[in-house]
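The values are calculated or read from the model by the stated rules, or taken from the named source; none is laboratory data. Note that the structure is a prediction, hence the values are computed from the model and not measured. Here Cβ is always computed from backbone atoms with ideal geometry, including for glycine, and neighbour counts include all displayed protein chains. Surface areas here come from the heavy atoms of the whole protein model, side chains and all, with no ligands, DNA or RNA. Shrake-Rupley method; radii C 1.70, N 1.55, O 1.52, S 1.80 Å.
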Amino acid sequence: MAFSACRATISILSLFLIFIAGAVDTKEYIIIPTPQMKAHEKNTLELYLSLHVGGMDNAYTSIRPGNDIPAYWVASLPASAFAYLKKQPFVDIVPNGVDDGEPAGFENQRVNHTSKGISNGLGSGTPVRIHTSLEELRFLSQPPTIPDLVYVSDYVYSKGLRETFIYLADTGVNTNYQDFHRRAVEWVYTGLTIMRHRDKPTDESPDGHGTCVASKAVGNFFGAAKEATLVVVKMPDYSIAATIGSMETMLDHIAARGREEASIVLIPWNSRLDETHGLLQNPAIQILRERFKEMWMKGIRIVCAAGNHASLGRRTFSDTAPAIFSRSFPVFVVSSCNSDGRASPSSQMASLGQELYAPGSGIQCAGPHRPLEYHEASGTSFSAALVAGVLANLLASEQLPKGMSRHQEIQFVLNKFS
C-alpha cells in the first residue's frame, strides 16, 4: 500500500514537472508514425503526448479513412520531449513551422501590396457590369499576341452551363467586401482551425492576402470567374500541419458532395524551405505530397502559385512545395507576368514546356478592411487566382474537351493563352 502511494506521488510530481517544463519552453512539432508502427506503440506515444500537453484534446490528431494508425499528431512539446521522441524508432518528428520566419513553415506568394483608396468601379449594392478597364482581365480575354490589346475594353467570357467551385485554402477572406456582393460563398474550417478557435468567417492575414486572392478568382469587379462558387477553406496559419490539414479538409469536403469534376483547388502559398535545403526529405512534406497526389487521382484540378524567388538567373524554376510537385503529377503551376505579357523578374516557373503565365504584377484586388478599399499587389498568388477563375469558366461553359488527361488540359490552357 505504501509502495502504491509512493508511485502515485511520483506520477503526480512527474506531471507537475512536465507541466512546468512545457510552460517554460515549448515548440510545436509534427509527429509522424513510421509504416511499421504497431498499435501498442501508438498507445504508448499518445499516453506520452497526453502527459506533456495536458490531455490529447490539446494535441491534434489526423486520422484518415481506412487507417487505424493516425497519419500524424501535432503537439507543443519541450526540448526534452523532442529529444526523447527523436530517438524512438517508430516515429519521425519535425518542427511544424507555425511561427513567422521559421524555415519549416509556408508563406503566401505576395511580393508587395499598396492600399490605393476607394475603387470607382464599385457602386454600393449594385451588381458590377462586365465592362471594365482592368488590364489584367483584358489580358485574359485577348492574349497579347493579338495586336491592339489597348482597344479591347471589355472582359469577355462564355456563360456557364453548369456549377463550378473554387476551393481557396488560406487564412480567411473578408466576404463583406463589395466585390463579393451576392456571390455564392461557402465556409469550411480545418480541424486545426477549430481547435485553435479561429473558426469564424474572417480574414486573419495581416495584409488581407486571402481577400485579395479571392477577389481575383471570383470577384464581381476584380475577378475572372463571375459565376463560380467560392469555398473558403480557412487555415489557422501557414504551418506545415495547417497546409496538410487544408488538403485533407478539401479532399473530404469535395468527395462527400461528389464535386470532383466541378472543383478547382487554388493554392496561393509555398514552403519557405526549397529542394536544396532538404525539402523533399522532410517526412511532413512527403505527407503533403501524398495529399496532392490523392487529389489528382480523384480527378480534382489543382492550381498553384509558382513562387517569387527568381533573381539574377537563380532559382528560375519552382523549387518549393507544392509547386515542385508538378514534376511528378499534373498541377497548373502559374507564373506572373505584366499586363503586356512580360515575365515578372521575381516570378519562378514550372518546368520547360509547361510555363503558364497570367498577370500578377501591379494587379488590383479587394482590400481587407473597408468595403470599397482596393489594393495594388504583385505576386504569383494572384496569377494563380486568375487562372483558377479562367479554368472555372472553361469548366462551366464546357469548353474543356471531354476525355482529356490533366496533362492534356494543362497543354490546352497553355495553347489557349500563350
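When the solvent-accessible area of region 153-248 is split by element, carbon and sulfur atoms take up 51 percent of it, the probe being 1.4 Å.
For the pair residue 327 and residue 184 in one chain, pulling the backbone fully straight at 0.36 nm per residue adds 48.1 nm over the alpha carbon distance.
Computed from backbone phi, the HN-Hα couplings of region 383-395 come to 4, 4, 4, 5, 5, 4, x, 5, 4, 4, 4, 5, 5 Hz, rounded to whole numbers (Karplus: 6.51 cos²θ - 1.76 cosθ + 1.60, θ = phi - 60°; Gly and Pro given as x). With the simple model of a label 7 Å out from the Cα in the direction of the Cβ, residue 61 to residue 412 spans 4.4 nm.
For region 278-413, the solvent-accessible area with a 1.4 angstrom probe is 35 square angstrom per residue. Of the cross-linked pairs 38/87; 38/298; 216/298; 27/87; 234/298; 27/86, those separated by over 24 Å at the C-alpha level are 38/298; 216/298.
Which percent of Cα pairs goes in each bin when the distances of region 303-346 are cut into 10 angstrom slices starting at zero? For region 303-346, the pair-distance distribution reads 29, 51, 20, 0.
With the Kirkwood sum run over all distinct C-alpha pairs, region 268-307 has a hydrodynamic radius of 11.3 Å. Sorting 167-173, 380-386 by their mean Cβ neighbour count within 10 Å, with the most densely packed peptide first, gives 380-386, 167-173. Of the peptides 63-70, 328-335, the order by per-residue mean of other Cβ atoms within 10 Å, starting with the highest, comes out as 328-335, 63-70. Note on residue 369: accessible area is roughly 130 Å² with a 1.4 Å probe, heavy atoms of protein only. Potential lengthening of the chain between residue 355 and residue 376 amounts to 5.1 nm, from the contour at 0.36 nm per residue minus the alpha-carbon distance. Region 331-418: percent of C-alpha pairs farther apart than 22 Å? When every Cα pair of region 331-418 is considered, 32 percent fall beyond 22 Å. Across region 171-183, rounded Karplus estimates of 3J(HN,Hα) from the backbone phi angles (6.51 cos²θ - 1.76 cosθ + 1.60, θ = phi - 60°) give 8, x, 9, 8, 7, 7, 5, 4, 5, 9, 4, 6, 8 Hz, Gly and Pro being marked x. Taking amide H as placed 1.01 Å from N in the peptide plane, the amide H of residue 333 sits under 5 Å from that of 304, each at least 5 places away or on another chain.
Along region 269-285 the Karplus relation, 6.51 cos²θ - 1.76 cosθ + 1.60 evaluated at θ = phi - 60°, assigns HN-Hα couplings of 9, 9, 6, 6, 6, 10, 5, 6, 10, x, 3, 6, 8, 5, x, 6, 5 Hz to successive residues, with x for each Gly and Pro.
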